[in-house]
Amino acid sequence: MRNPITTYITEVKSEVSKVSWPTKKETIRLTVIVVVVSAIVATYLGALDFLLSAILKLVLS
């Protein structure tokens, strides 16, 4: 019987070799998409927070 750690490492190496890694171009493109979408969502949520805060101040004053 093999050492469990050795077995685990061997299995991990086998699985990692099966992974389809993205190219540099794909990685950059997808990173840009994530950053742009994150910025859009952050802007939307910031504007919504500002608007709701202003409405709440008007209601409470």
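Could you give the dipole magnitude of the chain about its Cα centre, charging the beta-carbon of Lys and Arg +1 and that of Asp and Glu -1, in debye to the nearest 20?
220
Just want the answer: with Cβ charges of +1 for Lys and Arg and -1 for Asp and Glu, which residue in THR7, VAL41, SER53 is farthest toward the dipole's positive end in the chain?
THR7
Rounding to the nearest 10 and keeping the result within 0 to 90°, find how far the Cα-based axis of helix 4-18 lies from the longest principal axis of the chain.
70
Enumerate by residue number the GluC sites (Glu not before Pro) in the chain meeting two conditions: DSSP loop (anything except H, G, I, E, B), and at most 10 other Cβ atoms within 10 Å of the site's Cβ.
Answer by residue number: there is no such site.
For every helix of n ≥ 4 consecutive DSSP H residues, a contribution of -39,500 (n - 2.57) applies; sum these over the chain, divide by its total residues, and give [θ] at 222 nm rounded to the nearest 500 deg cm²/dmol.
Only helices count here, giving -30500 deg cm²/dmol.
Helix 24-60 versus the longest principal axis of the chain: what angle, 0 to 90°, nearest 10, using Cα atoms?
Between helix and principal axis, roughly 30 degrees.
Here, each number is a calculation from the coordinates, and none is a lab measurement. Not measured: the values here are computed from a predicted model. We place every Cβ from the backbone using ideal geometry, glycine too, and count neighbours over all the protein chains shown.
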